[in-house]
Structures are given as structure tokens and as C-alpha cells.
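Readers should treat all values here as calculations from the given coordinates under stated rules, not as data from a laboratory. In this text the structure is predicted, and so the values were computed from the model without any measurement. Note that each Cβ is placed from the backbone with ideal geometry, even for glycine, and that neighbours are counted across all protein chains shown.
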Amino acid sequence: MPASLAPLLKQYFGYDSFRPLQREIMEMTLAGRDVLAILPTGAGKSLCFQLPALARDGLTLVVSPLIALMKDQVDALTASGVPATLLNSSIQGAESQRRRAALAQGEYKLLYAAPERVMTDGFIQDLQRWNVTRIAVDEAHCISEWGHDFRPEYRQLAQLRQHLPDVPFLALTATATAQVRGDIAQQLHLRQPEVFLASFNRPNLSYTVLPKHQAIRQVFEFIRERPHQSGIVYVQSRNSAENLAAALAAEGIKALAYHAGLQPETRAANQDAFIRDEAHVICATIAFGMGIDKPDVRFVIHADLPKNLEGYYQETGRAGRDSLPADCVLLFSRGDLVRNLKFLDAMTDAKAAGVAARQMRQMADFAEGCECRRAALLDYFGEQWPGDNCGGCDICLQPHETWDATTAAQKLLSCLLRIKQKSGFSTGLNHAVEVLAGANTEKIRNWGHDQLSTYGIGKDTPREAWSVLGRQLTRLGYLTASPDHYQTLSLSHSGLEALKQRTPIQLTRVPHQPGGTSSSAGVSRAGTIACDDGLLTVLRALRKAQADARGVPPYVVFGDLSLRHMARRYPVADPAFLAIPGVGRQKLADFGQPFMQAIAAWLLDHAPQAFAHDEAPPKPAPKMKSEGALNSSALETLRIFRDGKTAPEIATLRDLSRGTIAQHLALAIGSGDLVASPHDFYSPAEEQLLDQAAAELGHERLGPLHEALGGRITYDKLHLYRAFKQRDQGPPPPQPGL
Ligand code: ADP
Ligand code: MG
Ligand code: ZN
């Protein structure tokens, strides 16, 4: 029964509450539905199949792309007392026989396997004999060529559906693009999947952009202030990864390199050292990442400009899975962009080069922007940040200083206009800045631009400031950059108007002018769980010793969250220890004694400290952009519906399932785009039945309603019913979308 989920959550995993959407996803998969769950990294996707596996008879098959990842998850489950195992090419001979025999006996609840294994001879028959009742496909974007980690083997998973037609699928991914989502549903042959899409905001991550001048020194100083913390530094090339790791190591920091050019053994060893807290810092190319479930990565630094925002989001996303605060720092220099763009010149595929260039410029705009970083990132994913101060980015945490840029803007705009008038062509920003600065360059002499009235009128201001101004005016639409490589600038209509009318222009001072500000991020520590730092150090060492004795990563013993709560509440008896988040029955049995002893010993010599309730209140979840909430497919459904077609007719017309059409319409009702009456979709008699059931069960969760009504009312109608209820009740809580 779904009602037993919460006790199981505490018993096995030691948590008291679900994270957003976890419960809804679990109930839907327990109701036998196919589910597609798109939740950001760290949202707790694993639990969505692990807990249902415990709540029901039979075996859950988990398909996962990487052997290391499977091993870590099985270790963590085993430590929590969950019977789980894995089969892959690393398990051979007698050990493989033993596991298969135990699987046949029903001794495991979860079996992890790689996709290529699934297709080997006889495995499907084995699965049938082992009573597989649920299939979870983790990192499901690997099935899509549109995604960033395409694995052809994932394509074969569709055969599972053929051979195990009654087993529900649960596909999980952190990749949000609609193309990938559609691909997953199609390739896995999901049947009217219930789609859950969470907000992509990561409230515990803070974002900072710093001007890059001496990257190695800046990285070193940042890390030096954070002893004991694990972090990743992303760089662009293999060489930089090696050099940086060596430079940090020379300063006494436990840093290792990771990139695709290393021997496989070295790569695995370095990753392992990081996961086991033996190396604190990994200096890596983007080859490092997927397959790292380490929850306590406290910072991610980008020492070179990432290629696009999607990658930046995914890479920073590896920080702070444990929901404790973590820092994301980007070191930015304009030179990086110029260098990256130069690389594109070598590309033969002009179209691909164009796309790449646009993405790089978008990335640079993010770095140079004066807008809240969180809002900018979420905007990229079609989400709207409610607009207030996010409290977790350099822009929001620095007082916004504005200045009257009218005169400066006049100078720059008129300089560009005079150049155009004199020469008949536009130039790039650099040339205009040289003219303002009164430089004596060949171009200026050849083109006679030293004759312009604006020549030298800006020589008292640093050139970089003129460049920043030029880019700000471009972003604000006063200037238009040509789409070609040269990015020549011309005045837009509003630029001409501003020049003529002397329109006042207020600008935000760019927070990180070169030369200024310190190297370390001044981000807030809100959300940290204050604790007795002396005791924390003791507990950390104990955790490492216990982990080593068992050959597992330290976080498998206890996460940082659990340790901090221990070093804050000083539990010395079983009930108090069990109340610590992350402590379930198995962990109490295995680790309760040594940890409580260590705490008791500490208290002999130290008075316990008192802590105020200082945990940060959760930030509001951002709303989906209302026009973004309806994707193009939903809009198309809405259009046809407005033309007078019924939902079943639209399904036939569009060759989509009725469930999908119902979800489109439900979304449109929720967003206010569709004004309709419930009786367009279900009869008054049905409504009465629904109201009776909902009076007891609520209307949020459709699985229980469906069950209570004996399956008489289809999910299509339930979706619409819920949409009407929510519309009538005002703003909905975060809900599954499309
Ligand atoms: P994802 O796969 O979505 O990136 P994981 O499944 O790896 O996320 O979970 C990230 C972390 O969150 C893990 O350390 C996990 O133990 C923790 N976690 C998951 N669910 C909860 C919960 N309900 N309460 C507290 N912590 C949770
Ligand atoms: Mg995961
Ligand atoms: Zn912000």
C-alpha cells in the first residue's frame, strides 16, 4: 500500500519527508503506470525506484549506464539494509552463479544491470523467472541522440517492453529538453506515461562570476579557504587539467587530474580517490561527471569558459546533491571567448560552427550580464524566477550600483555613427574604442578616423570600460551586432533615437570590473547547518575509518548532513540517534555504537554548544513561465480543441494517445489558457463520484482516486478533474507538467 511509503523511508533511509515530486512519482509507478521523471541532479531520483521496490513483492530491475555508478548505489543500498545486487561484466564465475541463485530465490529487491547485459542470451528469460515487477531506466537521456551522453545500447531496451509487456517502466533523467524527453518516451515505448517535470532551480547552489586574471592563483586561494571540502575544477584542455592539478598539489592541496587522455586505470583510480575523500579536488575536463553520485561536492569552479549554458548548468549541478550549500564559481575573461571562437574557424561544417558560436556568445552574455544568475539560468530552461532577490548569486548579494551613463553612451553612439557616415561601413567595437581612445593605429590612419570629431574624446576612460559599455548597450538593444563573424556594430532605431533625444541611460555598474575585487566568492552561507566544528572533525575522521574498514566511500556510511546534525544534537542514545536525518535501522545497528561512543567521549571534555534554529527557510519554487508551460504540442491540441473537436477526435487526428491529449488540455485549464466546463469532459454523475472520492482522498494524487473508484474513471478524466479543482482553488502547488 502506498501509505506505507513514509515508514519505509524512515526505516531504510532515515528520512522523515519526501522531496518534491518523489511521493507522486512513487505512487504513480506503484499504480502500475509508466512514468517519465525529469528532475534536476540531486533531486533524489534514485529513491523514486528504490522505495517502491521495498513496498511491493518482486524484483525491480535498474538499468544504469556505468559500472562505477551501479557499484556505488548498490553499496549505499546495502549499507541501508536494502537487499540489492548488480550483474555486469566485472562479476564472473562463482560469484555470478551465487547472485543468480539468490535472485531466483527472491532474496533481492533491486537488481542493477548495464543495458548491454540486458540483451545477452537468456537474460530476459532469467528476468521472467526472477519475477521482475518494475523496470527503472536511470539516466534515460542516454537513449537519445539529441542528448549529451548517447549510448547506442540503450536503444535495445525497447525489447524489454516486448518480452515483459506487463511490467511498468520508470524512466529518469536530469535532461530537460523537450526533444530528449520525447525521444525517451518513444524509444522506450512508454505507454501514456505520466510525466513529472520538476523545477530546475537548485536552491542550495550559489553562483558567482569573477574576472579571470591569474586562474591558477585564484583557484588556489579559493580552495585554501575551504579545507576538508570536496570540489571539482573544470578546465578546457587535458594539459590545463594536468598543470592545474600539479600546481595545486605543489601548494599542498590534495588534487588530481581527470581527462579522457589518461590511462583507464589512472582515471578510475583518481575518481575513486575523490569519492573516498582521499583527493579533495579533481581538476578535470568535461569528461568527468556523469557517474559521480558523490553528494558532498561543495564547490564547482569553471576556470575556463564553458561551451554553452546547458553544459554549465549540468556541470555546476554536480555540486551540493546533499542539499547543503555549495558554491559555483566561473572565472571569466573575454579572451576565453575570443579564443574559443577562433577554434571554430577550423570547423568545416559552417552551420555547426554557427550554432556553437551562438551558444558561446550566450554563455559569455551570462557571465557579463547584470541579471540574477539564477534567474538567467532558469530562464534558459523556460522557467521564471519570481523576480525577487535570490540571495544566492553575486549579482543579488552585491548592492546594485547604478550610474548615469547618458554622456558616455552619447560619446560611444556618436562615434559609431560618425565612423559609418565617414566610411560608409560599420566596424567592430574594438575599432570604435580605439578611436575614442585617440589611438594611432594603422586602420585609423588609413581610414582617416583621426579626423572624426569623436577621435580621442574618451581617452580619460580605460578602454575596457568603453568595451563593457558597448556590450551593455548592445544587450539593451541600442546597438545591433551583425550576425557574421566580425560582429560589426550599428545603431538600432532606439540607438539613433537615444542619440538624437539625449535619452537618459541608467546602467548597472558591472560588478567585476577587471582589476577590482578579491579572488574568492563572497557568497552567503545561508542554509548551512551550524554545528560543533571540533566534534564534526572527530566524526569525519571516524566516518573515514569506518568506510575504509568496509571498503565503501565515506558518504555511504553517513552524509555530511547526518554528521552535522550529530555534531549539533549530540545524540548518545538509540532514539536520539535514530532521529538524525539519514539514520535508518541498519545504520543505527552498524554505526550507532562507534558514533555515539565518540560523541559521549567528546562530551566528557567539552560542554555541548547550543544552536539556534538557523536553518534557512526554503525559497519559493519558481513558477513555470506561463507561455512556456504549454509546449508547442499542447498549443496545437488547444488550437484543434477550440476548433470544436473532442479530445478523442484530436487523439486520432494527431496520432497521440488520449492520455497525452488529456494532459495537454489539463495544462491549458491550469494555466488559464483554456476556459471550459467540467461537463465537456465528464458527466455530472461521474463528477459526483469523483467529488465523493476526493472528499476523502484529496485530488492531488490520482493513483489513489483511480483505485478508490475501482478504475471506473479513466486517468484522462482524472487529469482534467484535478485541473478543474486546482483552477477553482487558486494557485496550484508544484505539479507534474508535460
Ligand atoms: P539524483 O539521482 O536525482 O541526482 P540522488 O538520487 O543521487 O539524486 O539523491 C541525491 C541525494 O539526496 C542523496 O544523497 C540522497 O540520499 C538524498 N535524498 C534523496 N531523497 C531524500 C529525501 N526525501 N530526504 C533527504 N534526502 C534525500
Ligand atoms: Mg541519479
Ligand atoms: Zn540572484
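Show me the three semi-axes of the equivalent ellipsoid for segment 2-197, from the C-alpha gyration tensor (sqrt of 5 times each eigenvalue), largest first, rounded to whole Å. Spell out each step's value before the answer.
Numbers: eigenvalues 103, 92, 48 Å².
Semi-axes (√(5λ), whole Å): 23, 21, 15.
Using θ = phi - 60° in the Karplus curve 6.51 cos²θ - 1.76 cosθ + 1.60, the 3J(HN,Hα) couplings for segment 324-335 round to 7, x, 8, 10, 10, 10, 10, 8, 10, 9, 4, x Hz; x is entered for Gly and Pro. One quarter of the surface of the convex hull around the alpha-carbon atoms of segment 205-400 equals 11.8 nm², the direction-averaged projected area.
Projected area of segment 402-509, taken from the Cα convex hull and averaged over every viewing direction, in nm²? Walk me through the numbers before you get to the answer.
Numbers: hull surface 25.6 nm².
Dividing the Cα hull surface by four gives the mean projection, 6.4 nm².
Computed over Cα pairs, the Kirkwood radius of segment 630-729 leads via Stokes-Einstein (1.002 mPa s, 20 °C) to a diffusion coefficient of 157 µm² per second. With each label modelled as a point 7 angstrom along the Cα→C-beta vector, the D16-H679 pair spans 4.8 nm.
Between amide H atoms placed 1.01 Å from N, distances below 5 Å from L210 occur with L330, L331, F332, all of them 5 or more places distant or on a separate chain. Considering the chain at the alpha-carbon level, its Rg and Dmax are found to be 28.8, 91 Å. Phi angles of segment 371-379 translate, via the Karplus equation with coefficients 6.51, -1.76, 1.60 and θ = phi - 60°, into HN-Hα couplings of 9, 3, 4, 5, 4, 5, 5, 5, 4 Hz per residue; Gly and Pro are given as x.
What lysines does K342 reach when the alpha-carbon gap must be under 16 Å and sequence neighbours fewer than 8 apart in one chain are set aside? By straight Cα distance, K342 reaches K307, K351.
Once the Cα atoms are used to define both axes, helix 264-275 deviates from the longest principal axis of the chain by about 80 degrees.
Quick one: Debye curve from the C-alpha atoms of segment 14-113, no solvent, what's log10 I(q)/I(0) at q = 0.12, 0.18, 0.22 Å⁻¹? Normalising to I(0) and taking log10 leaves -0.42, -0.92, -1.29. Computed from the Cα positions only, the extents of segment 364-443 along the three principal axes stand at 47, 27, 19 Å, in decreasing order.
Can you give the percent of C-alpha pairs in segment 370-412 whose distance is more than 11 Å? Roughly 69 percent, rounded to a whole number. Here the 3J(HN,Hα) profile of segment 666-677, calculated from phi with Karplus coefficients 6.51, -1.76 and 1.60 at θ = phi - 60°, is 4, 4, 5, 5, x, 7, x, 6, 10, 9, 9, 10 Hz, Gly and Pro shown as x.
Applying the Kirkwood pairwise sum to the alpha-carbon positions of segment 533-605 produces a hydrodynamic radius of 11.9 angstrom. Once the Cα atoms are used to define both axes, helix 67-79 deviates from the longest principal axis of the chain by about 50 degrees.
Of all lysines in the structure, the ones whose alpha carbon falls short of 28 Å from that of K411, not counting any fewer than 8 places away in one chain, are K420, K422, K443, K459, K500.
Across all Cα pairs in segment 443-498, the calculated P(r) in 10 Å bins from zero up to the longest distance comes to 21, 41, 38, 1 percent per bin. Compared with the direct C-alpha span, the chain from H148 to K422 gains 93.8 nm at full extension, assuming 0.36 nm per residue.
Annotation: lysines with alpha-carbon distance below 19 angstrom to K10 (same-chain offsets under eight excluded): K45, K109, K587. Its Cα gyration tensor gives segment 269-350 an equivalent ellipsoid, and the semi-axes of that ellipsoid, as √(5λ) in whole Å with the largest first, are 28, 14, 12. Mean residue ellipticity, 222 nm, helices only, the chain: the sum of -39500 (n - 2.57) across DSSP H runs of n ≥ 4, divided by residue count and rounded to 500, is -14000 deg cm²/dmol. Residues whose amide H lies under 5 Å from that of L86, counting only those 5 or more places away or on a different chain, are Y112; hydrogens are built 1.01 Å from N in the peptide plane. Rounded to whole Å, the principal axis extents of the Cα atoms in segment 196-304 read 43, 33, 26, largest first.
In segment 255-312, one over the average inverse separation of all distinct C-alpha pairs is 12.2 Å, which is the Kirkwood hydrodynamic radius.
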